[in-house]
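Novice: This structure is in structure tokens; I'll ask about it shortly.
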Amino acid sequence: MQSQEYASAPAILVSWVKLAFDRYKLNVYGSLHINGLSSRGVILSDSAGELISTLPSHYEETMNMVAESMALLDGLKICIRLHILTVDVDTDSESLSKVVSGSFRPPWKIDALIRPIRHFVAQGNFTLCHVLWEANSAQTS
């Protein structure tokens with residue numbers, strides 16, 4: 001068996017900014033795995049970084065953008081169900097962030113997901129932000 005050498009990537013400084021006392025944080029991600037299956041993660045926390053709800057799950061075989069959209073929709077549904085409407089939403093999908101904001105037109109595969117996402121976003125004070133993958137996790141202060 002040959003040993004493999006890996007070049008180290010430059011370090012990326014990622015920090016967590018404490019939220020205003022009246023805001024919540026929703027971290028969402030979707031990913032596509034080598035086996036073709038996809039998964040999602042949803043983490044909802046309060047302004048102190050305390051965990052309120054999580055939703056890890058696996059989806060069927062699908063595209064990455066579909067998994068990202070499904071994770072966002074699931075996260076927004078949790079917020080609406082819990083009557084949490086002042087939320088900073090972080091996603092590591094820049095494309096999804098731009099599609100939801102209207103900067104990009106949604107691909108037809110996710111159009112049916114984007115309509116309810118926009119509907120839920122309009123029901124509250126949701127701020128969608130694209131963040132680096134390394135920053136898209138719940139942190140405590």
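One line per residue, one yes/no per condition, for (1) β-branched (Val, Ile, Thr); (2) on the phi < 0 side of the Ramachandran plot; (3) in contact with a Ser or Thr (Cβ under 6 Å, 6 or more places away or on another chain); (4) modelled with pLDDT under 85:
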| site | (1), (2), (3), (4) |
| --- | --- |
| ALA71 | no, yes, no, no |
| LYS77 | no, yes, no, no |
| LYS98 | no, yes, no, no |
| PHE120 | no, yes, no, no |
| GLN123 | no, yes, no, no |
| LEU128 | no, yes, yes, no |
| SER137 | no, yes, no, yes |
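Novice: I've got another one for you. Go through (1) touching a Phe, Trp or Tyr at 6+ places or on another chain (Cβ under 8 Å); (2) at pLDDT below 85; (3) in a strand (DSSP E or B) for GLU60 and report which single condition fails.
Specialist: If we test GLU60 against (1) touching a Phe, Trp or Tyr at 6+ places or on another chain (Cβ under 8 Å); (2) at pLDDT below 85; (3) in a strand (DSSP E or B), just (1) comes out false.
Novice: Here's a follow-up. Within segment 86-120, can you find the residues that are within 17 Å of LEU76 (Cβ to Cβ) and of a type in the set (A, V, I, L, M, F, W, C)?
Specialist: VAL87, VAL89, LEU96, VAL99, VAL100, ILE110, ALA112, LEU113, ILE114, ILE117, PHE120, listed by residue number.
Novice: For segment 105-115, state whether one or more residues are modelled with pLDDT of 90 or more and either among the basic types (Lys, Arg) or touching a strand residue (DSSP E or B) at 6+ places or on another chain (Cβ under 9 Å) (or both).
Specialist: Yes; the residues of segment 105-115 include at least one that is modelled with pLDDT of 90 or more and either among the basic types (Lys, Arg) or touching a strand residue (DSSP E or B) at 6+ places or on another chain (Cβ under 9 Å) (or both).
Novice: Now for a separate question. Could you grab me the full set of residues in segment 89-108 that are assigned to a helix (DSSP H, G or I) and either in contact with an Asp or Glu (Cβ under 7 Å, 6 or more places away or on another chain) or hydroxyl-bearing (Ser, Thr, Tyr) (or both)?
Specialist: SER95, LEU96, SER97, SER101
Novice: Return yes or no: is ASP46 out of contact with any Pro (no Cβ under 8 Å at 6 or more places or on another chain) and modelled with pLDDT of 90 or more?
Specialist: Answer is yes for this residue.
The values are calculated or read from the model by the stated rules, or taken from the named source; none is laboratory data. All figures in this text were calculated on a predicted structure; none of them were measured in a lab. We place every Cβ from the backbone using ideal geometry, glycine too, and count neighbours over all the protein chains shown.
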